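So the structure is just underneath, and the comments pick up after that.
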Amino acid sequence: KWLLESLDLKSNDVVEISFVRIKLAGLVVLQPLTLEWDSLMTKCKNPKLLLEHEVNKYSSLTAGSVIKIEVEGVEYPLYVKDVKAEGGVSVKGVRVQDSDVNVDVDRS
């Protein structure tokens, strides 16, 4: 569902797919898009662990996209502000699968 929404597609739309090798993620910087995020962070015992767990549900992430994480039945949209490959290199997209990704939150 999230993929269809992010690509602005409808069910049964035809798309062309190509294989691209992307670098392993080192850092993902997320920006919350709702004020409810603050209340989640105050009641969460380990927000960094929660974010890293939720981000690892995605196989890859692209800077400029919006992802949603679900906590206790509530969806929280997060803007992917920046992604860096291992070694700190800024790239457009990173592979989250099989990587030791760090997650940071930008409140600006």
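The values are calculated or read from the model by the stated rules, or taken from the named source; none is laboratory data. Computed from a prediction, not measured in an experiment: that's the story for all the values here. Using ideal geometry, Cβ is built from the backbone for each residue, glycine included, and neighbour counts are taken over all protein chains shown. Calculation scope for accessible area: heavy atoms of the full protein, side chains included, ligands and nucleic acids excluded. Shrake-Rupley method; radii C 1.70, N 1.55, O 1.52, S 1.80 Å.
Things to note:
- Put simply, of Val74, Val101 the only residue that is β-branched (Val, Ile, Thr), more than 9 Å from the chain's Cα centre (by Cα) and open to solvent by less than 60 Å² (accessible area, probe 1.4 Å) is Val101.
Condition check ((1) exposed (fewer than 15 other Cβ atoms within 10 Å of the Cβ); (2) touching a His at 6+ places or on another chain (Cβ under 9 Å); (3) without any contact (Cβ under 8 Å) to a residue 24 or more places away in the chain) across all residues:
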position: Leu27; (1), (2), (3): no, no, no
position: Thr34; (1), (2), (3): yes, no, no
position: His53; (1), (2), (3): yes, no, yes
position: Glu70; (1), (2), (3): yes, no, yes
position: Ser108; (1), (2), (3): yes, no, no
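- For the stretch 1-17, the tally of residues that are under 12 Å from Ile67 (Cβ atoms) and of a type in the set (S, T, N, Q) stands at 1.
- Any chance Lys23 is touching a residue at least 60 places away in the same chain (Cβ under 8 Å), closer than 14 Å to Asp100 by Cα and among the charged types (D, E, K, R): yes
- Checklist (1) open to solvent by less than 50 Å² (accessible area, probe 1.4 Å); (2) of a type outside the set (Lys, Arg); (3) farther than 20 Å from Leu7 by Cα applied to Ser65, failing item: (3)
- Selection within the stretch 1-25 - acidic (Asp, Glu) and loosely packed, with under 10 Cβ neighbours inside 10 Å: Asp8, Asp13, Glu16
- Subset of the stretch 36-51 [touching a helix residue (DSSP H, G or I) at 6+ places or on another chain (Cβ under 9 Å) and open to solvent by 20 Å² or more (accessible area, probe 1.4 Å)]: Met41, Cys44, Pro47, Leu50
- Condition met for Ser90 (in contact with a strand residue (DSSP E or B) (Cβ under 8 Å, 6 or more places away or on another chain) and under 19 Å from Leu4 (Cα atoms)): no
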